[in-house]
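The values are calculated or read from the model by the stated rules, or taken from the named source; none is laboratory data. Since this is a predicted model, take the numbers as computed values, not measurements. We place every Cβ from the backbone using ideal geometry, glycine too, and count neighbours over all the protein chains shown. Ligands, DNA and RNA are stripped out before the accessible areas are found, and what is left, the full protein with its side chains, is counted by its heavy atoms. Shrake-Rupley method; radii C 1.70, N 1.55, O 1.52, S 1.80 Å.
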Amino acid sequence: MQKPEHARDDWTIDQGWSNYTDEEHAVWDLLYDRQIEILPGRAAPEFMDGLKALDLGKGGIPDFETMSDELQSLTGWRVVAVPGLVPDEVFFDHLANRRFPAGQFIRKRNELDYLQEPDVFHDVFGHVPMLTNPVFADYMEAYGKGGLRSLNFAALKNLAALYWYTVEFGLIRTDEGLRIYGAGIVSSKTESIFALEDPSPNRIGFGLERLMQTDYRIDDFQQTYFVIDSYDQLFRATVDTDFAPLYKAMGGRFEHKPQDVIASDDIIHRGTQAYAKAGGRFAKAD
Ligand code: PHE
Ligand code: FE
(Lines give C-alpha, C1' and ligand atoms only; values in the text may rest on other atoms or scores of the structure.)
(Ligands and ions follow the chains in the order given, each with its own letter.)
Protein backbone atom coordinates (compact mmCIF):
# COMPACT_ATOMS: atom_id res chain seq x y z
CA MET A 1 0.00 0.00 0.00
CA GLN A 2 1.42 3.37 -1.06
CA LYS A 3 0.73 6.49 1.02
CA PRO A 4 -0.76 9.25 -1.16
CA GLU A 5 1.42 12.36 -1.36
CA HIS A 6 -1.10 14.64 0.29
CA ALA A 7 -1.39 12.40 3.37
CA ARG A 8 0.57 13.01 6.58
CA ASP A 9 2.97 10.43 8.07
CA ASP A 10 0.10 8.88 10.02
CA TRP A 11 -1.94 8.72 6.78
CA THR A 12 -4.41 11.39 7.93
CA ILE A 13 -5.62 14.10 5.57
CA ASP A 14 -7.80 17.18 5.93
CA GLN A 15 -11.46 16.37 5.70
CA GLY A 16 -11.91 19.44 3.50
CA TRP A 17 -15.40 19.97 4.84
CA SER A 18 -15.95 23.26 2.99
CA ASN A 19 -15.31 21.51 -0.33
CA TYR A 20 -18.31 19.17 -0.13
CA THR A 21 -20.93 20.03 -2.75
CA ASP A 22 -24.65 20.46 -2.07
CA GLU A 23 -25.19 17.16 -3.85
CA GLU A 24 -22.76 15.37 -1.51
CA HIS A 25 -24.52 16.78 1.55
CA ALA A 26 -27.85 15.77 0.00
CA VAL A 27 -26.65 12.17 -0.42
CA TRP A 28 -25.77 12.08 3.30
CA ASP A 29 -29.25 13.38 4.15
CA LEU A 30 -30.87 10.79 1.92
CA LEU A 31 -28.89 7.94 3.50
CA TYR A 32 -29.54 9.32 6.98
CA ASP A 33 -33.30 9.58 6.44
CA ARG A 34 -33.49 6.04 5.02
CA GLN A 35 -31.78 4.61 8.12
CA ILE A 36 -33.75 6.69 10.60
CA GLU A 37 -36.95 5.28 9.18
CA ILE A 38 -35.98 1.69 9.93
CA LEU A 39 -33.51 1.80 12.87
CA PRO A 40 -35.82 2.53 15.83
CA GLY A 41 -36.65 -0.87 17.32
CA ARG A 42 -33.81 -2.50 15.36
CA ALA A 43 -30.64 -0.65 16.38
CA ALA A 44 -29.23 -0.99 19.89
CA PRO A 45 -30.30 1.80 22.25
CA GLU A 46 -26.62 2.77 22.73
CA PHE A 47 -26.32 3.38 18.99
CA MET A 48 -29.47 5.53 18.89
CA ASP A 49 -28.23 7.49 21.93
CA GLY A 50 -24.92 8.11 20.18
CA LEU A 51 -26.60 9.46 17.05
CA LYS A 52 -28.49 11.91 19.22
CA ALA A 53 -25.54 12.90 21.41
CA LEU A 54 -23.47 13.77 18.34
CA ASP A 55 -26.36 15.44 16.54
CA LEU A 56 -25.58 13.49 13.38
CA GLY A 57 -28.99 14.28 11.93
CA LYS A 58 -28.61 18.03 11.85
CA GLY A 59 -28.29 17.94 8.07
CA GLY A 60 -25.31 17.38 5.76
CA ILE A 61 -22.02 15.53 6.17
CA PRO A 62 -20.68 16.15 9.69
CA ASP A 63 -17.62 18.32 10.16
CA PHE A 64 -15.08 15.99 11.81
CA GLU A 65 -13.64 18.77 14.00
CA THR A 66 -16.95 19.82 15.56
CA MET A 67 -18.08 16.19 15.91
CA SER A 68 -14.73 15.19 17.45
CA ASP A 69 -14.91 17.97 20.04
CA GLU A 70 -18.24 16.59 21.19
CA LEU A 71 -17.09 12.96 21.06
CA GLN A 72 -13.87 13.79 22.90
CA SER A 73 -15.84 15.37 25.74
CA LEU A 74 -17.82 12.12 26.07
CA THR A 75 -15.22 9.34 25.75
CA GLY A 76 -11.94 10.93 24.65
CA TRP A 77 -12.20 9.68 21.05
CA ARG A 78 -11.68 11.80 17.91
CA VAL A 79 -12.39 11.09 14.26
CA VAL A 80 -9.61 11.67 11.72
CA ALA A 81 -9.90 11.65 7.92
CA VAL A 82 -7.93 9.13 5.87
CA PRO A 83 -7.76 8.62 2.08
CA GLY A 84 -9.34 5.14 2.20
CA LEU A 85 -8.06 1.86 3.55
CA VAL A 86 -4.78 2.25 5.46
CA PRO A 87 -2.09 -0.31 6.39
CA ASP A 88 -2.94 -2.51 9.39
CA GLU A 89 -0.34 -1.02 11.73
CA VAL A 90 -1.55 2.52 10.93
CA PHE A 91 -5.16 1.51 11.56
CA PHE A 92 -4.32 -0.23 14.84
CA ASP A 93 -2.18 2.69 16.01
CA HIS A 94 -5.04 5.15 15.49
CA LEU A 95 -7.47 2.97 17.44
CA ALA A 96 -4.92 2.38 20.21
CA ASN A 97 -4.77 6.17 20.62
CA ARG A 98 -8.54 6.71 20.50
CA ARG A 99 -8.62 8.08 16.98
CA PHE A 100 -11.11 6.59 14.56
CA PRO A 101 -9.89 6.78 10.94
CA ALA A 102 -12.77 7.62 8.61
CA GLY A 103 -13.12 7.88 4.86
CA GLN A 104 -13.75 11.43 3.72
CA PHE A 105 -15.56 10.82 0.40
CA ILE A 106 -19.23 9.94 0.00
CA ARG A 107 -20.84 7.45 -2.38
CA LYS A 108 -22.87 8.59 -5.38
CA ARG A 109 -26.65 8.79 -5.43
CA ASN A 110 -26.84 6.00 -8.04
CA GLU A 111 -24.83 3.59 -5.81
CA LEU A 112 -26.55 4.03 -2.48
CA ASP A 113 -26.31 0.33 -1.65
CA TYR A 114 -23.04 -0.66 -3.22
CA LEU A 115 -19.67 0.25 -1.80
CA GLN A 116 -16.18 -0.96 -2.62
CA GLU A 117 -14.41 1.04 0.07
CA PRO A 118 -15.93 2.41 3.25
CA ASP A 119 -17.12 5.99 2.73
CA VAL A 120 -17.95 8.74 5.22
CA PHE A 121 -21.50 7.46 5.70
CA HIS A 122 -20.39 3.96 6.64
CA ASP A 123 -17.50 5.19 8.78
CA VAL A 124 -19.22 8.06 10.55
CA PHE A 125 -22.88 7.06 10.73
CA GLY A 126 -22.00 3.38 11.18
CA HIS A 127 -19.06 3.50 13.57
CA VAL A 128 -18.96 6.78 15.49
CA PRO A 129 -22.23 6.60 17.49
CA MET A 130 -21.04 3.48 19.35
CA LEU A 131 -17.85 5.32 20.32
CA THR A 132 -19.97 7.48 22.64
CA ASN A 133 -20.57 4.37 24.77
CA PRO A 134 -17.80 4.18 27.41
CA VAL A 135 -17.46 0.38 27.40
CA PHE A 136 -17.52 0.06 23.62
CA ALA A 137 -15.06 2.96 23.37
CA ASP A 138 -12.68 1.08 25.69
CA TYR A 139 -13.12 -2.10 23.65
CA MET A 140 -12.12 -0.30 20.45
CA GLU A 141 -8.96 1.08 22.07
CA ALA A 142 -8.10 -2.37 23.44
CA TYR A 143 -8.67 -3.83 20.00
CA GLY A 144 -6.17 -1.36 18.51
CA LYS A 145 -3.58 -2.25 21.15
CA GLY A 146 -4.27 -5.93 20.58
CA GLY A 147 -3.87 -5.34 16.87
CA LEU A 148 -0.42 -3.83 17.29
CA ARG A 149 0.55 -6.83 19.42
CA SER A 150 -0.90 -9.26 16.87
CA LEU A 151 1.56 -8.07 14.23
CA ASN A 152 4.15 -10.30 15.92
CA PHE A 153 2.03 -13.37 15.19
CA ALA A 154 0.94 -14.75 11.84
CA ALA A 155 -2.71 -14.70 12.81
CA LEU A 156 -4.08 -11.36 11.67
CA LYS A 157 -7.02 -13.12 10.00
CA ASN A 158 -8.23 -14.45 13.33
CA LEU A 159 -8.13 -11.00 14.90
CA ALA A 160 -9.82 -9.54 11.82
CA ALA A 161 -12.67 -12.04 12.22
CA LEU A 162 -13.22 -10.72 15.75
CA TYR A 163 -13.58 -7.18 14.39
CA TRP A 164 -15.83 -8.40 11.60
CA TYR A 165 -18.26 -10.32 13.79
CA THR A 166 -18.46 -7.64 16.48
CA VAL A 167 -17.60 -4.09 15.37
CA GLU A 168 -18.94 -4.56 11.83
CA PHE A 169 -21.67 -7.20 12.08
CA GLY A 170 -22.48 -7.64 15.76
CA LEU A 171 -25.91 -8.19 17.32
CA ILE A 172 -26.80 -7.75 20.99
CA ARG A 173 -29.52 -9.30 23.16
CA THR A 174 -31.77 -6.85 24.98
CA ASP A 175 -34.94 -7.28 27.06
CA GLU A 176 -36.89 -6.20 23.98
CA GLY A 177 -35.22 -8.75 21.70
CA LEU A 178 -32.18 -8.79 19.42
CA ARG A 179 -30.76 -5.47 18.27
CA ILE A 180 -28.03 -4.53 15.79
CA TYR A 181 -24.91 -2.56 16.75
CA GLY A 182 -22.39 -3.53 14.03
CA ALA A 183 -21.45 -0.63 11.74
CA GLY A 184 -21.77 -2.70 8.57
CA ILE A 185 -25.37 -3.47 9.48
CA VAL A 186 -26.62 -0.17 10.88
CA SER A 187 -25.30 1.74 7.85
CA SER A 188 -27.13 -0.58 5.40
CA LYS A 189 -30.89 -0.46 4.96
CA THR A 190 -31.23 -3.95 3.50
CA GLU A 191 -28.88 -5.64 5.96
CA SER A 192 -30.49 -3.92 8.98
CA ILE A 193 -33.66 -5.83 8.15
CA PHE A 194 -31.98 -9.04 6.93
CA ALA A 195 -29.73 -9.44 9.97
CA LEU A 196 -32.66 -9.41 12.40
CA GLU A 197 -35.65 -10.67 10.48
CA ASP A 198 -34.58 -12.97 7.65
CA PRO A 199 -34.74 -16.73 8.37
CA SER A 200 -31.63 -17.32 6.25
CA PRO A 201 -28.68 -16.50 8.57
CA ASN A 202 -27.65 -18.26 11.79
CA ARG A 203 -27.77 -16.20 14.97
CA ILE A 204 -25.38 -17.65 17.53
CA GLY A 205 -24.28 -16.56 21.00
CA PHE A 206 -20.83 -14.94 21.21
CA GLY A 207 -17.88 -17.24 21.78
CA LEU A 208 -14.43 -15.68 21.41
CA GLU A 209 -12.53 -18.63 19.98
CA ARG A 210 -15.54 -19.75 17.95
CA LEU A 211 -15.79 -16.52 16.01
CA MET A 212 -12.04 -15.97 15.65
CA GLN A 213 -11.99 -19.23 13.70
CA THR A 214 -14.95 -18.49 11.46
CA ASP A 215 -14.62 -17.32 7.87
CA TYR A 216 -16.93 -14.53 6.67
CA ARG A 217 -18.48 -13.03 3.55
CA ILE A 218 -17.10 -9.68 2.50
CA ASP A 219 -19.26 -9.24 -0.60
CA ASP A 220 -22.71 -10.14 0.68
CA PHE A 221 -24.99 -10.47 3.69
CA GLN A 222 -23.55 -12.64 6.45
CA GLN A 223 -24.50 -16.31 6.82
CA THR A 224 -23.96 -16.10 10.59
CA TYR A 225 -24.33 -13.25 13.06
CA PHE A 226 -22.89 -13.52 16.57
CA VAL A 227 -24.86 -12.13 19.49
CA ILE A 228 -23.33 -10.59 22.63
CA ASP A 229 -25.22 -10.25 25.93
CA SER A 230 -23.60 -6.92 26.75
CA TYR A 231 -20.66 -4.72 25.75
CA ASP A 232 -19.18 -5.64 29.08
CA GLN A 233 -19.20 -9.32 28.11
CA LEU A 234 -17.39 -8.44 24.89
CA PHE A 235 -14.85 -6.25 26.69
CA ARG A 236 -14.11 -8.77 29.44
CA ALA A 237 -13.90 -11.77 27.11
CA THR A 238 -11.35 -10.04 24.89
CA VAL A 239 -9.34 -8.02 27.40
CA ASP A 240 -9.02 -10.78 30.01
CA THR A 241 -7.77 -13.32 27.47
CA ASP A 242 -4.16 -13.52 26.36
CA PHE A 243 -4.39 -13.96 22.60
CA ALA A 244 -0.82 -15.22 22.12
CA PRO A 245 -1.69 -18.91 22.65
CA LEU A 246 -4.81 -18.49 20.52
CA TYR A 247 -2.80 -17.01 17.65
CA LYS A 248 -0.33 -19.87 17.90
CA ALA A 249 -3.06 -22.48 17.82
CA MET A 250 -5.17 -20.78 15.14
CA GLY A 251 -2.27 -19.76 12.93
CA GLY A 252 -4.35 -17.51 10.68
CA ARG A 253 -6.58 -20.41 9.67
CA PHE A 254 -10.36 -20.60 9.75
CA GLU A 255 -11.77 -23.84 11.12
CA HIS A 256 -15.39 -23.02 10.28
CA LYS A 257 -17.18 -21.89 7.15
CA PRO A 258 -19.47 -18.86 7.35
CA GLN A 259 -22.62 -21.02 7.46
CA ASP A 260 -21.41 -23.74 9.87
CA VAL A 261 -23.23 -24.57 13.09
CA ILE A 262 -21.11 -26.59 15.55
CA ALA A 263 -21.96 -28.74 18.57
CA SER A 264 -20.87 -26.19 21.19
CA ASP A 265 -22.91 -23.32 19.68
CA ASP A 266 -25.49 -21.42 21.69
CA ILE A 267 -28.01 -21.37 18.83
CA ILE A 268 -30.47 -18.50 18.95
CA HIS A 269 -31.69 -19.16 15.43
CA ARG A 270 -30.53 -21.88 13.07
CA GLY A 271 -30.46 -20.30 9.63
CA THR A 272 -32.12 -21.84 6.60
CA GLN A 273 -29.29 -20.40 4.45
CA ALA A 274 -31.96 -19.98 1.76
CA TYR A 275 -30.55 -16.64 0.69
CA ALA A 276 -27.01 -17.94 0.20
CA LYS A 277 -28.29 -21.06 -1.55
CA ALA A 278 -30.19 -18.86 -3.99
CA GLY A 279 -26.90 -17.19 -4.91
CA GLY A 280 -27.12 -14.08 -2.78
CA ARG A 281 -27.71 -10.49 -3.78
CA PHE A 282 -26.25 -10.74 -7.24
CA ALA A 283 -28.78 -13.38 -8.22
CA LYS A 284 -31.64 -11.56 -6.50
CA ALA A 285 -30.92 -8.17 -8.05
CA ASP A 286 -32.30 -9.06 -11.50
N1 PHE B 1 -6.29 -9.51 25.00
C2 PHE B 1 -5.78 -9.40 23.66
C3 PHE B 1 -4.31 -9.89 23.57
O4 PHE B 1 -3.82 -10.52 24.47
C5 PHE B 1 -5.89 -7.99 23.10
C6 PHE B 1 -7.26 -7.61 22.65
C7 PHE B 1 -8.13 -6.90 23.50
C8 PHE B 1 -7.69 -7.92 21.39
C9 PHE B 1 -9.39 -6.54 23.05
C10 PHE B 1 -8.93 -7.56 20.95
C11 PHE B 1 -9.79 -6.87 21.78
O12 PHE B 1 -3.65 -9.70 22.58
FE1 FE C 1 -16.37 -0.39 8.97
Original post:
Of 220, 29, which has the most accessible area with a 1.4 Å probe, and how do the rest follow in descending order?
Top reply: 29, 220
Original post:
Using a simple charge model, +1 on the beta-carbon of Lys and Arg, -1 on the beta-carbon of Asp and Glu, nothing else, what dipole does the chain show about its Cα centre, in debye to the nearest 20?
Top reply: 800
Original post:
When the chain is modelled as a GNM with alpha-carbon springs shorter than 10 Å, which of 104, 116, 213 fluctuates the most?
Top reply: 116
Original post:
Using a Gaussian network for the chain with springs between C-alpha atoms less than 10 Å apart, which of these wobbles most: 114, 20, 143?
Top reply: 114
Subject >> For the chain, calculated [θ]222 nm from helices alone, where every DSSP H run of n ≥ 4 adds -39500 (n - 2.57) >> reply: -11500 deg cm²/dmol
Original post:
At residue 190 and residue 38, where each label point lies 7 Å from the Cα along Cα→Cβ, what is the point-to-point distance in nanometres?
Top reply: 0.9
Original post:
Of 18, 73, 200, which has the largest mean-square fluctuation in a 10 Å C-alpha GNM of the chain?
Top reply: 18
Original post:
How much length is gained on full extension from residue 254 to residue 149, taking 0.36 nm per residue of separation minus their Cα-Cα distance?
Top reply: 35.8 nm
Original post:
Leaving out ligands, DNA and RNA but keeping every protein chain, what accessible area does residue 8 have, in Å² rounded to the nearest 10, with a 1.4 Å probe?
Top reply: 110
Original post:
How much area per residue is accessible in segment 88-216 when the probe is 1.4 Å and only protein heavy atoms are counted (Å²)?
Top reply: 35
Subject >> Exposure of residue 24 as accessible area (Å², to 10), given a probe of 1.4 Å and all protein chains >> reply: 60
**OP:** Using a cut-off of under 16 Å, list every residue of segment 3-41 whose amide N is near the label point 7 Å from the Cα of residue 97 along the Cα-to-beta-carbon line.
**Re:** 7-14
**OP:** Among 114, 152, 131, pick out the residue whose Cα is farthest towards the positive end of the charge dipole of segment 113-201, where Lys and Arg carry +1 and Asp and Glu carry -1 on C-beta, about the Cα centre.
**Re:** 152
**OP:** Let me have the relative contact order for segment 163-233, percent, based on Cα pairs under 8 Å that are six or more residues apart.
**Re:** 36
Subject >> Which of 167, 214, 196, positive extreme of dipole for segment 163-273 (C-beta unit charges) >> reply: 214
Subject >> Other-chain or far-sequence residues with amide H under 5 Å of residue 202's (modelled H) >> reply: 224, 225, 271
**OP:** Can you grab the distance from the C-alpha centre of segment 39-92 to the C-alpha centre of segment 206-266, Å, no decimals?
**Re:** 25
**OP:** Specify whether the C-alpha gyration tensor of segment 86-149 places it in the rounded, prolate or oblate class, a ≥ b ≥ c being the square roots of the eigenvalues: rounded for a/c under 1.5, otherwise prolate if a/b is larger than b/c and oblate if not.
**Re:** oblate
**OP:** Would you kindly state how much longer the chain becomes between residue 14 and residue 270 on full extension, computed as 0.36 nm times their sequence separation minus their alpha carbon distance, in nm to one decimal?
**Re:** 87.6 nm
Original post:
Once a ≥ b ≥ c are taken as the square roots of the eigenvalues of the Cα gyration tensor of segment 1-153, is the result rounded (a/c under 1.5), prolate (a/b larger than b/c) or oblate (a/b not larger than b/c)?
Top reply: oblate
Original post:
Where both residues lie in segment 144-268, what percent of DSSP beta bridges are antiparallel, nearest 5?
Top reply: 40
Original post:
How many percent of DSSP beta bridges within the chain run antiparallel, rounded to 5?
Top reply: 35
Subject >> Pair residue 110, residue 262: separation of 7 Å Cα→Cβ label points (nm) >> reply: 4.6
Original post:
Over segment 121-237, what percent of the accessible surface lies on carbon and sulfur atoms, probe 1.4 Å?
Top reply: 51
